[in-house]
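Only the coordinates and a few stated rules stand behind these numbers; no lab work does. Since this is a predicted model, take the numbers as computed values, not measurements. Reconstructed Cβ throughout: ideal geometry from the backbone, glycine too, with neighbour counts over all protein chains shown.
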Amino acid sequence: MGARPQFIKLKPIADVIQSKKLEHVVVHTGQHYDANMSDVFFQELDTAPPDVNLGVGSGSHASQTAEMLVGLEATFLSEKPDWVLVYGDTNSTLAAAVAASKLNLRIGHVESGLRSNNREMPEEINRIITDHVSSLLFAPTKLAMKNLDQEGLSSRSILSGDVMADVLLKSSDAINRTKLRNVPESLTSGEFIVATVHRASNTDKHENLVQILDSLSQLGTDVVLVAHPRLRAAMSSQGLNLPSGSLHIVEPLGYFEMLKLVKSSIGVITDSGGLQKDAFLLGVPCITLRSESEWPETFMSSMNILAPEAGNLNELLRRQVGVVSENPFGDGTAAEKIVQALLDR
Ligand code: UD1
């Protein structure tokens, strides 16, 4: 793994592997390298640091993925793993899946079967290729199982539940105890909204980014925009300053502080996949700044709603949301099921 959400997904798997006294070699590609995008998650969640760090860093899709392929192939040849586990949908996932499949290694894909049905998203390409070269597909939800079935992959698929839900469900005490140290108190003492923007389709298209920043700044309620480095880089290269108004930027937060912020807010506005689900599980309404979502389960009771044009956000924020009586993301034992499935084989 190599990108922020993968450090969270790793946690419950690493715990189960450790409890069963199995050998686990954790390889970090180095895709995310800032301390607040990487190290903080290992420290906070108390996960052992990676055994190998390839230090690949940023680059175009081709150069980043190519460098990962070379480093991962060498690592797999020296480690000779029985299984290679890959997580989610990033360039690190794709590189590991392709490198391992060419060496005929068995691959387990954690968070398999998600589809946005939008092939312009680099993550969608990563998901499809990874699913098709993997030996065991661990689907977080019934809908993901259905997607895999539609692509002829059902014989390799297992409904495991969602590893991110495993972490969140076990973290409620830590979230409650956490103090909002890195967000000014003046922003969180009253009603506020949490926002994140980092999808290439929103950051790298000038008109889209301008419209999102303008809409957020005109909400009339304080918006805490937790800025991914991609957003900062895009604003700087496009010569965009923070519009005046209700919008305030803070640096990326650790896991517990981010979830505490979400839990304390009146709503989330995001283009992140993981955050849509975090908001759903914490009972906070979400607006997704995209035209589709790979987590349609979160649409239940209007808890999540799509706003591709970033227009009428105020109206959407004040919408009526229903009570959610079921959790489609599993009972917090996904990692247990995944490791057991590997052992059974
Ligand atoms: C990646 C994943 C995305 C995931 C997201 C989580 C791909 C294609 N996308 O997107 O699926 O949701 O991570 O965050 O793999 N940067 C830093 N410091 C860092 C990391 C990145 O400054 O620690 C900057 C770099 O300048 C880089 C930009 O952020 O160019 C984007 O990073 P990149 O790895 O290309 O993709 P993400 O947008 O983070």
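Structure data summary
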read-out	value
Ranked packing of 277-284, 121-128, 55-62, most packed first, by mean Cβ within 10 Å	277-284, 121-128, 55-62
Restraint check, 11/170; 11/80; 80/102, Cα-Cα greater than 18 Å	11/80
Mean separation of Cα contacts under 8 Å (6+ apart) over length of the stretch 59-187, as relative contact order %	19 percent
Mean separation of Cα contacts under 8 Å (6+ apart) over length of the chain, as relative contact order %	15 percent
Sorted peptide list for 304-316, 329-341, criterion being average Cβ within 10 angstrom, highest first	329-341, 304-316
J(HN,Hα) series, the stretch 127-137, from Karplus relation 6.51 cos²θ - 1.76 cosθ + 1.60, nearest Hz, glycine and proline x	5, 5, 5, 4, 4, 6, 9, 8, 8, 10, 10
Vicinal HN-Hα couplings computed from phi for the stretch 183-200 (Karplus, 6.51 cos²θ - 1.76 cosθ + 1.60; Hz; Gly/Pro x)	10, x, 4, 4, 7, 10, 6, x, 6, 8, 10, 9, 10, 9, 9, 8, 5, 3
Per-residue HN-Hα couplings for the stretch 295-304 [Karplus 6.51, -1.76, 1.60; θ = phi - 60°; Hz; x = Gly/Pro]	10, x, 4, 6, 6, 3, 6, 6, 5, 10
Packing-based ranking, highest mean first, of 71-77, 14-20, 1-7, 260-266 given that Cβ atoms within 10 Å are counted	1-7, 260-266, 71-77, 14-20
Convex hull of the chain built on C-alpha atoms - directionally averaged projected area, nm²	16.3 nm²
Cut-off under 5 Å, modelled amide H: who pairs with residue 286 long-range	268, 304, 305
For residue 112, distant residues with modelled amide H under 5 Å away	138, 139
The stretch 112-271, relative contact order [Cα under 8 Å, separation at least 6], %	22 percent
